[in-house]
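The block underneath contains the structure these notes are about, expressed in structure tokens.
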Amino acid sequence: VGSIRIQEVEKKFVNGSGENVQALFDVSLDIKPGSFVSVIGPSGCGKSTLLRLISGLSQPDKGHIFLDNMQITAPGADRGFMFQEHNLFPWLTIYDNIAFGLRARKLYKENKEKVTGILHLVGLDGFESYYPHQLSGGMCQRASLARALVGNPKVLLLDEPLGALDAFTRMNIQDEIQRIWKEEHMTMVMVTHDVDEAVYLSDTIVVMTARPGRIVKLVHVDLPRP
Ligand code: ADP
Ligand code: ADP
């Protein structure tokens with residue numbers, strides 16, 4: 001489970017001056033279940049737009065996106081999303097932020113063991129009662145990762161998840177993400193500016209160009225698998 005098929009997708013926006021911006025043009029891509037795909041390319045080439053379409057947060061103007069042969073038309077519990085800026089609620093503790101993710105997905109009743117288990121998975125044992133402002137940027141990203149994972153998604157979508165962190169913290173959380181990928185066997189799709197990160201983490205690298213939304217090359221990187 002967790003295969004993604006992107007078929008001839010187009011997406012336009014109208015910018016502030018009323019001009020059309022073709023963010024994606026004729027993009028097709030097949031993502032194998034359980035693979036770790038990194039999407040790289042210059043700023044503005046449509047990487048985030050592609051990820052948002054897979055998430056269901058926005059819809060293509062043309063074309064189709066399928067997850068396990070079901071067309072994606074809206075956000076769903078089968079996809080977790082992690083952004084560069086953590087989107088934790090400042091007025092909720094780390095525990096309640098994760099529990100909120102669980103409730104919002106309507107998949108499980110709030111379950112203390114589930115929440116503490118997922119906090120353990122991301123290395124946040126003992127931080128249940130802290131508020132986001134009491135934690136470092138890296139720890140907030142760990143909590144965001146926990147919230148993205150708590151509904152047991154088939155696909156994890158990561159938009160520059162570690163881009164705002166210092167190099168040391170970034171490497172630590174990269175290893176955490178890699179371990180979770182190996183243990184949980186989910187499909188990962190990550191947008192990153194960091195080519196080292198893409199090569200280190202992924203088994204497939206998708207390169208997009210600024211010529212609107214064209215994926216020019218699929219580069220397969222062989223990584224030792226567990
Ligand atoms: P990337 O993630 O590769 O930097 P984006 O997907 O964010 O690129 O954006 C692709 C293009 O679409 C850019 O020109 C961007 O300004 C434009 N764009 C993205 N989202 C919107 C939006 N909501 N409204 C207007 N233009 C947008
Ligand atoms: P990223 O840094 O991940 O590439 P951006 O900062 O470009 O993403 O975009 C963040 C959000 O702003 C997205 O929801 C995107 O759709 C929106 N956005 C991007 N470019 C524009 C734009 N020119 N006008 C309006 N919204 C935009």
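The values are calculated or read from the model by the stated rules, or taken from the named source; none is laboratory data. Please read all numbers here as calculations on a predicted model, not as lab measurements. Here the Cβ is made from the backbone with ideal geometry for all residues, glycine too, and neighbour counts use every protein chain on show.
If you filter the range 1-10 down to residues that are hydrophobic (A, V, I, L, M, F, W, C) and assigned to a strand (DSSP E or B), you find that the one that is farthest from M208 (Cα to Cα) is I4.
For the range 11-64, a residue qualifies if it is charged (D, E, K, R) and outside any strand (DSSP E or B), and the qualifying residues are E19, K32, K47, R52, D61. One residue stands out among those in the range 159-192 that are within 26 Å of G56 (Cβ to Cβ) and in a loop (DSSP other than H, G, I, E, B): the one that is nearest to ligand 2 (Cβ to nearest atom), which is E160.
Among the residues in the range 57-73, are any over 14 Å from the mean Cα position of the chain (by Cα), modelled with pLDDT under 90, surrounded by fewer than 18 Cβ atoms within 10 Å (Cβ to Cβ) and within 16 Å of ligand 2 (Cβ to nearest atom)? Scanning the range 57-73 turns up no residue that is over 14 Å from the mean Cα position of the chain (by Cα), modelled with pLDDT under 90, surrounded by fewer than 18 Cβ atoms within 10 Å (Cβ to Cβ) and within 16 Å of ligand 2 (Cβ to nearest atom).
Within the range 1-36, being surrounded by fewer than 13 Cβ atoms within 10 Å (Cβ to Cβ), within 20 Å of the chain's Cα centre (by Cα) and small (G, A, S) holds for one residue alone: S28.
Of all the residues in the range 1-51, those that are within 16 Å of ligand 2 (Cβ to nearest atom) and touching a Phe, Trp or Tyr at 6+ places or on another chain (Cβ under 7 Å) number 3.
Answer with yes or no whether L156 is in contact with a Gly (Cβ under 9 Å, 6 or more places away or on another chain), outside any helix (DSSP H, G or I) and crowded, with 21+ Cβ neighbours inside 10 Å.
yes
Do you know which of the residues in the range 173-201 that are within 21 Å of N87 (Cα to Cα) and free of Cβ contacts under 8 Å to residues at least 40 places away in the same chain is nearest to the chain's Cα centre (by Cα)? Residue satisfying both the conditions and the ranking: I177.
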